[in-house]
Amino acid sequence: MRSDSSGVRGWLLLLCRLLLVWQPLSLAVTASSALESLPLRGRPLAIILVVRVLVAALGIAAGLALQNRRAGAVGLAKIALIASAATDVFVYTTPYYPNNRPPGDTPFYIAASVAFCTVWLVYLVRSKRVQQTFS
């Protein structure tokens, strides 16, 4: 296993960037607005924020592992994607996390999150580039 990222290109590189940049930035934006609700919503919101930070950290670890072509990186990325989808579904379907979604739009948010993670999971399982890079 080489530690450079010469084999990480294309879609795999995009996944690395999403895990390393997009997921933490998205969390930062939503968490900053949710923090204002912390005195009102209390411990449940605090727990969800901690879980979301841990899931983002897992995604960062997966992105770094993929980028550096570490053993077990694909498995870690799969776990990070599943954890991200599960956390999103929980956040979207419970009243603990503040939101400004229009009524009736929650199923679309859930579908988008699950579809996003599912597409990347299928890519990790079926991609010949991923198999060649991590074999």
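Every read-out reported here was derived from the displayed coordinates using simple, explicitly stated rules and does not represent laboratory data. As the structure is a prediction and not an experimental result, all values here were calculated from the model. Positions of Cβ are backbone-derived with ideal geometry, glycine not excepted, and every protein chain shown enters the neighbour counts.
Per-residue ellipticity at 222 nm computed for the chain from its helices equals -23000 deg cm²/dmol, with DSSP H segments shorter than 4 residues left out and the rest contributing -39,500 (n - 2.57). Descending by average beta-carbon neighbour count within 10 Å, the peptides 123-131, 53-61 line up as 53-61, 123-131, the highest first.
Full extension of the chain between E36 and I82 gives 13.8 nm of extra length, using 0.36 nm per residue less the Cα-Cα distance.
Counting every other Cβ atom within 10 Å of each residue's Cβ, W120, W11 order from fewest to most as W11, W120. Subtracting the Cα-Cα distance of F90 and R126 from their residue separation scaled by 0.36 nm leaves 10.2 nm. Per residue, the convex hull around the alpha carbon atoms of the chain comes to 97 Å³. Rounded to the nearest 10 degrees, the angle from helix 73-93 to the longest Cα principal axis of the chain is 20 degrees. The long axis of helix 43-67 is offset from the longest Cα principal axis of the chain by roughly 10 degrees. Taking other C-beta atoms within 10 Å as the exposure proxy, D105, D88 rank D105, D88 from fewest upward.
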